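Visitor: Below is one structure. I have some questions about it.
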Amino acid sequence: MDKHTIITIGRQYGSGGREIGQKLAERLGIKCYDNELLSIAAKESGLCQEVFEAHDEKPTNSFLYSLVMDTYHPYGTGGMIDVPLSQKIFLAQFETIKNIAKKESCVFVGRCADYALQDDYNVTSVFISSDMDSKVKRICERNNVTPSKAQEMILKTDKKRASYYNYYTNKKWGVCSSYDLCINSGKIGIDKAVDIIMNYLEL
(Lines give C-alpha, C1' and ligand atoms only; values in the text may rest on other atoms or scores of the structure.)
Protein backbone atom coordinates (compact mmCIF):
# COMPACT_ATOMS: atom_id res chain seq x y z
CA MET A 1 0.00 0.00 0.00
CA ASP A 2 1.50 3.30 -1.15
CA LYS A 3 -0.71 5.73 0.77
CA HIS A 4 -0.24 6.08 4.53
CA THR A 5 -3.54 4.74 5.80
CA ILE A 6 -4.81 3.90 9.26
CA ILE A 7 -7.98 1.92 9.96
CA THR A 8 -9.39 1.65 13.47
CA ILE A 9 -11.97 -0.98 14.32
CA GLY A 10 -14.38 -0.83 17.24
CA ARG A 11 -16.41 -3.99 17.69
CA GLN A 12 -19.10 -5.71 19.65
CA TYR A 13 -17.95 -8.91 21.33
CA GLY A 14 -18.65 -11.83 19.02
CA SER A 15 -19.12 -9.69 15.91
CA GLY A 16 -15.89 -10.88 14.30
CA GLY A 17 -14.26 -7.47 14.48
CA ARG A 18 -10.83 -8.89 15.22
CA GLU A 19 -11.03 -11.33 12.30
CA ILE A 20 -12.21 -8.53 10.01
CA GLY A 21 -9.26 -6.41 11.12
CA GLN A 22 -6.81 -9.23 10.48
CA LYS A 23 -8.22 -10.06 7.04
CA LEU A 24 -8.32 -6.39 6.11
CA ALA A 25 -4.67 -6.00 7.08
CA GLU A 26 -3.75 -9.04 4.99
CA ARG A 27 -5.58 -7.63 1.96
CA LEU A 28 -3.82 -4.30 2.35
CA GLY A 29 -0.42 -5.79 3.10
CA ILE A 30 -0.10 -3.99 6.44
CA LYS A 31 0.02 -4.98 10.12
CA CYS A 32 -2.95 -5.46 12.42
CA TYR A 33 -2.47 -4.44 16.05
CA ASP A 34 -4.73 -5.91 18.71
CA ASN A 35 -3.27 -7.63 21.77
CA GLU A 36 0.17 -6.82 20.37
CA LEU A 37 -0.36 -3.26 21.56
CA LEU A 38 -0.19 -4.42 25.17
CA SER A 39 3.30 -5.86 24.88
CA ILE A 40 4.58 -2.87 22.90
CA ALA A 41 3.08 -0.35 25.35
CA ALA A 42 4.45 -2.35 28.29
CA LYS A 43 7.94 -2.36 26.82
CA GLU A 44 7.88 1.36 26.02
CA SER A 45 6.42 2.39 29.39
CA GLY A 46 8.47 0.10 31.61
CA LEU A 47 5.35 -1.43 33.17
CA CYS A 48 4.91 -5.21 33.12
CA GLN A 49 2.65 -6.71 30.45
CA GLU A 50 0.51 -8.57 33.00
CA VAL A 51 -0.62 -5.23 34.41
CA PHE A 52 -1.72 -4.08 30.96
CA GLU A 53 -3.62 -7.31 30.39
CA ALA A 54 -5.41 -6.98 33.72
CA HIS A 55 -6.63 -3.47 32.84
CA ASP A 56 -7.19 -4.05 29.11
CA GLU A 57 -10.32 -2.20 27.89
CA LYS A 58 -11.79 -2.13 31.38
CA PRO A 59 -13.60 0.99 32.66
CA THR A 60 -12.13 3.19 35.35
CA ASN A 61 -13.41 6.05 37.46
CA SER A 62 -14.39 8.95 35.19
CA PHE A 63 -13.69 11.52 37.90
CA LEU A 64 -10.13 10.26 38.28
CA TYR A 65 -9.76 10.44 34.53
CA SER A 66 -10.89 14.08 34.45
CA LEU A 67 -8.28 14.86 37.08
CA VAL A 68 -5.44 13.20 35.20
CA MET A 69 -6.43 14.83 31.93
CA ASP A 70 -6.24 18.22 33.61
CA THR A 71 -2.70 17.55 34.82
CA TYR A 72 -1.38 15.43 31.98
CA HIS A 73 -1.49 17.38 28.73
CA PRO A 74 -0.17 17.15 26.14
CA TYR A 75 0.37 13.38 26.15
CA GLY A 76 3.92 12.58 27.07
CA THR A 77 6.00 11.21 29.92
CA GLY A 78 5.72 14.08 32.38
CA GLY A 79 3.22 14.46 35.19
CA MET A 80 2.82 10.70 35.71
CA ILE A 81 4.05 10.32 39.28
CA ASP A 82 0.69 10.64 41.06
CA VAL A 83 -1.46 9.27 38.24
CA PRO A 84 -3.50 6.14 39.14
CA LEU A 85 -2.22 2.94 37.57
CA SER A 86 -5.25 2.53 35.30
CA GLN A 87 -4.62 6.00 33.86
CA LYS A 88 -0.94 5.28 33.29
CA ILE A 89 -1.90 2.19 31.34
CA PHE A 90 -4.43 4.02 29.17
CA LEU A 91 -2.04 6.87 28.46
CA ALA A 92 0.80 4.47 27.65
CA GLN A 93 -1.41 2.69 25.11
CA PHE A 94 -2.59 6.05 23.77
CA GLU A 95 1.01 7.13 23.16
CA THR A 96 1.94 3.76 21.65
CA ILE A 97 -0.95 3.96 19.17
CA LYS A 98 0.08 7.45 18.09
CA ASN A 99 3.74 6.43 17.69
CA ILE A 100 2.90 3.39 15.56
CA ALA A 101 0.48 5.39 13.38
CA LYS A 102 3.22 7.93 12.62
CA LYS A 103 5.56 5.22 11.37
CA GLU A 104 3.37 2.92 9.29
CA SER A 105 0.04 2.11 7.71
CA CYS A 106 -1.85 -0.36 9.91
CA VAL A 107 -5.12 -1.57 11.40
CA PHE A 108 -5.89 -1.04 15.10
CA VAL A 109 -8.54 -3.14 16.84
CA GLY A 110 -10.20 -1.52 19.86
CA ARG A 111 -8.52 0.44 22.66
CA CYS A 112 -9.96 3.82 21.66
CA ALA A 113 -7.56 4.04 18.71
CA ASP A 114 -10.06 6.12 16.75
CA TYR A 115 -10.02 8.72 19.52
CA ALA A 116 -6.24 8.64 19.91
CA LEU A 117 -5.90 9.37 16.19
CA GLN A 118 -8.92 11.61 15.66
CA ASP A 119 -6.79 14.50 14.38
CA ASP A 120 -5.17 12.35 11.69
CA TYR A 121 -6.97 12.82 8.37
CA ASN A 122 -5.70 9.49 7.04
CA VAL A 123 -7.68 7.54 9.65
CA THR A 124 -10.84 5.62 8.80
CA SER A 125 -12.83 4.55 11.85
CA VAL A 126 -15.07 1.50 11.57
CA PHE A 127 -17.51 -0.11 14.00
CA ILE A 128 -18.53 -3.75 13.62
CA SER A 129 -21.83 -4.90 15.14
CA SER A 130 -23.96 -8.02 14.75
CA ASP A 131 -27.27 -9.50 15.84
CA MET A 132 -27.26 -11.44 19.11
CA ASP A 133 -27.93 -14.84 17.52
CA SER A 134 -24.90 -14.53 15.24
CA LYS A 135 -22.70 -13.36 18.11
CA VAL A 136 -23.86 -16.18 20.38
CA LYS A 137 -23.16 -18.75 17.66
CA ARG A 138 -19.64 -17.38 17.11
CA ILE A 139 -18.79 -17.34 20.83
CA CYS A 140 -20.21 -20.84 21.36
CA GLU A 141 -18.05 -22.23 18.56
CA ARG A 142 -14.94 -20.31 19.54
CA ASN A 143 -15.08 -20.73 23.33
CA ASN A 144 -16.99 -24.04 23.54
CA VAL A 145 -19.64 -22.62 25.89
CA THR A 146 -23.43 -22.88 26.08
CA PRO A 147 -25.64 -20.27 24.37
CA SER A 148 -26.71 -18.81 27.72
CA LYS A 149 -23.08 -18.49 28.82
CA ALA A 150 -22.15 -16.95 25.48
CA GLN A 151 -24.88 -14.32 25.79
CA GLU A 152 -23.74 -13.53 29.33
CA MET A 153 -20.16 -13.07 28.11
CA ILE A 154 -21.32 -10.82 25.26
CA LEU A 155 -23.40 -8.53 27.47
CA LYS A 156 -20.69 -8.30 30.13
CA THR A 157 -17.84 -7.63 27.68
CA ASP A 158 -19.75 -5.05 25.66
CA LYS A 159 -20.76 -3.23 28.84
CA LYS A 160 -17.08 -2.99 29.82
CA ARG A 161 -16.04 -1.85 26.35
CA ALA A 162 -18.74 0.81 26.25
CA SER A 163 -17.83 2.12 29.71
CA TYR A 164 -14.13 2.20 28.84
CA TYR A 165 -14.70 4.00 25.55
CA ASN A 166 -17.20 6.49 26.95
CA TYR A 167 -14.91 7.38 29.88
CA TYR A 168 -11.84 7.99 27.77
CA THR A 169 -13.31 9.73 24.74
CA ASN A 170 -15.72 12.54 23.91
CA LYS A 171 -17.83 10.11 21.87
CA LYS A 172 -20.27 7.23 22.50
CA TRP A 173 -19.30 3.61 21.90
CA GLY A 174 -21.30 1.97 19.11
CA VAL A 175 -23.17 5.14 18.09
CA CYS A 176 -22.93 5.67 14.34
CA SER A 177 -21.95 9.36 14.64
CA SER A 178 -18.76 8.28 16.41
CA TYR A 179 -17.42 6.44 13.34
CA ASP A 180 -16.91 6.85 9.60
CA LEU A 181 -18.42 3.47 8.76
CA CYS A 182 -20.67 1.03 10.65
CA ILE A 183 -21.18 -2.54 9.43
CA ASN A 184 -23.46 -5.36 10.62
CA SER A 185 -21.32 -8.45 10.08
CA GLY A 186 -24.18 -10.74 11.09
CA LYS A 187 -26.07 -9.85 7.92
CA ILE A 188 -23.27 -9.86 5.37
CA GLY A 189 -20.52 -12.04 6.86
CA ILE A 190 -16.84 -11.44 7.58
CA ASP A 191 -15.47 -11.43 4.05
CA LYS A 192 -18.09 -9.07 2.64
CA ALA A 193 -17.49 -6.74 5.59
CA VAL A 194 -13.83 -6.63 4.55
CA ASP A 195 -14.92 -5.94 0.96
CA ILE A 196 -17.06 -3.01 2.09
CA ILE A 197 -14.17 -1.45 4.02
CA MET A 198 -11.86 -1.93 1.04
CA ASN A 199 -14.40 -0.23 -1.23
CA TYR A 200 -14.77 2.61 1.25
CA LEU A 201 -11.02 3.16 1.33
CA GLU A 202 -10.89 3.30 -2.45
CA LEU A 203 -13.65 5.93 -2.49
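The values are calculated or read from the model by the stated rules, or taken from the named source; none is laboratory data. No experiment lies behind these values; they were computed from the predicted model shown. Glycine gets a Cβ as well: all are built from the backbone with ideal geometry, and neighbour counts include every protein chain shown. Quick note on the areas: whole protein, heavy atoms, side chains included, nothing else; ligands and nucleic acids left out. Shrake-Rupley method; radii C 1.70, N 1.55, O 1.52, S 1.80 Å.
Visitor: To the nearest 0.05, how large is the calculated FRET efficiency for residue 169 and residue 149 if R₀ is 30 Å and r is the Cβ-Cβ distance? All intermediate terms of the calculation are to be shown ahead of the outcome.
Guide: Details: r = 30 Å, r/R0 = 1.01.
The pair residue 169/residue 149 has a calculated efficiency of 0.50.
Visitor: Please give the charge dipole size of segment 95-179, origin at the Cα centre, charges +1 on K and R Cβ atoms and -1 on D and E Cβ atoms. Round to the nearest 20 debye.
Guide: Values: 15 positive and 10 negative charges, 56 e Å.
With only Lys, Arg, Asp and Glu charged at Cβ, the dipole is about 260 debye.
Visitor: Let me ask another. So if we plug the beta-carbon distance of residue 187 and residue 102 into 1/(1 + (r/R0)^6) with R0 = 30 Å, what FRET efficiency do we get, rounded to 0.05? Display every interim value, and only then the final one.
Guide: Numbers: r = 36 Å, r/R0 = 1.19.
About 0.25, to the nearest 0.05.
Visitor: Which shape class applies to segment 144-203: rounded if a/c is under 1.5, otherwise prolate when a/b exceeds b/c and oblate if not, where a ≥ b ≥ c are the square roots of the Cα gyration tensor eigenvalues? Working shown, then result.
Guide: Numbers: a/c = 3.49, a/b = 1.22, b/c = 2.86.
Oblate.
Visitor: Another question about this same structure. Quick check for you: with a 1.4 Å probe and neighbouring chains kept, what is the accessible area per residue of segment 134-203, in Å²? Numbers along the way, then the final one.
Guide: Values: 4250 Å² over 70 residues.
Heavy-atom accessible area per residue stands at 61 Å².
Visitor: A further question follows. Grab the Cα-Cα distance for residue 202 and residue 141, subtract it from 0.36 nm times how many residues apart they are, and report the gain in nm with one decimal. Intermediate values should be presented prior to the final figure.
Guide: On the way: separation 61, 0.36 × 61 = 21.96 nm, distance 3.38 nm.
18.6 nm is the gain from fully extending residue 202 to residue 141.
Visitor: Counting only residues 5 or more places away or on other chains, whose amide H sits under 5 Å from the amide H of residue 32 once H atoms are built in the peptide plane?
Guide: Correct list: 107.
Visitor: May I ask you to work out the translational diffusion coefficient for segment 104-203 at 4 °C, viscosity 1.567 mPa s, via Stokes-Einstein with Rh from the Kirkwood sum over Cα pairs, reported in whole µm²/s? Please list the in-between numbers first.
Guide: Numbers: Rh = 15.0 Å.
Translational diffusion coefficient: 87 µm²/s.
Visitor: Moving to a separate point now. In segment 146-178, which residues have a backbone nitrogen under 19 Å from the label point lying 7 Å from residue 131's Cα in the Cα-to-Cβ direction?
Guide: Inside the label zone: 147-148, 150-152, 154-155.
Visitor: Please give every one of the lysines within straight-line cross-link reach of residue 156, meaning a C-alpha to C-alpha distance under 26 Å, and leave out same-chain neighbours fewer than 8 residues apart.
Guide: 58, 88, 135, 137, 171, 172, 187
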